[in-house]
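To start, the structure itself, in structure tokens.
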Amino acid sequence: MNDTNDTNDTNDMNAPRFDTKIAVLLRFDLAVWQRLNVTSFLVSGLGSQLPEVIGAPYEDADGVGYLPMFRQPVLVFEGTREVLAAAHTRALTRALPRAIFTADLFATGHDEANRAAVRAVPTPDLDLVGLAVYGARNGVDKVVKGARMHP
């Protein structure tokens with residue numbers, strides 16, 4: 001995915017504009033700790049399966065190394081249950097790489113239980129509280145249509 005010399009969504013005039021977008025959409029009624037937890041889980045899914053979203057490792061002036069992070073900003077949005085359901089449908093229709101977090105996952109305690117909780121619910125009945133998507137800017141923009149930037 002190539003970068004151009006335009007500005008990105010952070011409005012930093014010196015930053016490159018990316019052809020792609022990473023977006024997280026959260027249900028608006030989550031507690032602060034839930035928003036942080038859901039966002040962390042969702043973006044870990046993208047980073048683990050899409051090597052192109054990860055940049056190079058970091059190193060400080062003393063030569064101490066640090067893990068690589070996303071190569072571009074992660075934009076966080078919020079919306080209602082209906083906005084999330086519509087975004088999920090659009091992400092599926094566009095076959096965009098996606099990660100989901102359902103309300104049921106707040107009651108589980110480990111990865112295997114998380115997967116079982118999602119597997120137990122048909123797609124249209126998922127109680128989504130979070131969705132992360134990655135793809136071409138215009139495709140991701142269409143997926144998050146109706147959501148607003150997280151304050």
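Quick look at the numbers
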read-out	value
The stretch 11-137, relative contact order in percent, only Cα pairs under 8 angstrom and at least six apart counted	40
Listed residues D62, D19, D141, most fluctuating in the chain (Gaussian network, C-alpha, under 10 Å)	D62
Local electrostatic count at Y66 - Lys and Arg +1, Asp and Glu -1, tallied over other residues with Cβ under 12 Å	-3
Residue order, fewest to most surrounding Cβ atoms within 10 angstrom, among V121, V32	V32, V121
Rounded to 10°, Cα long-axis angle of helix 81-93 versus longest principal axis of the chain	70
Packing-based ranking, highest mean first, of 106-118, 87-99 given that Cβ atoms within 10 Å are counted	87-99, 106-118
The chain - mean residue ellipticity at 222 nm from DSSP helices (-39,500 (n - 2.57) per run, n ≥ 4, rounded to 500)	-9500 deg cm²/dmol
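Read-outs: derived from the displayed coordinates by stated rules, not from any lab. All values reported here derive from a predicted model rather than from experimental measurement. Here the Cβ is made from the backbone with ideal geometry for all residues, glycine too, and neighbour counts use every protein chain on show.
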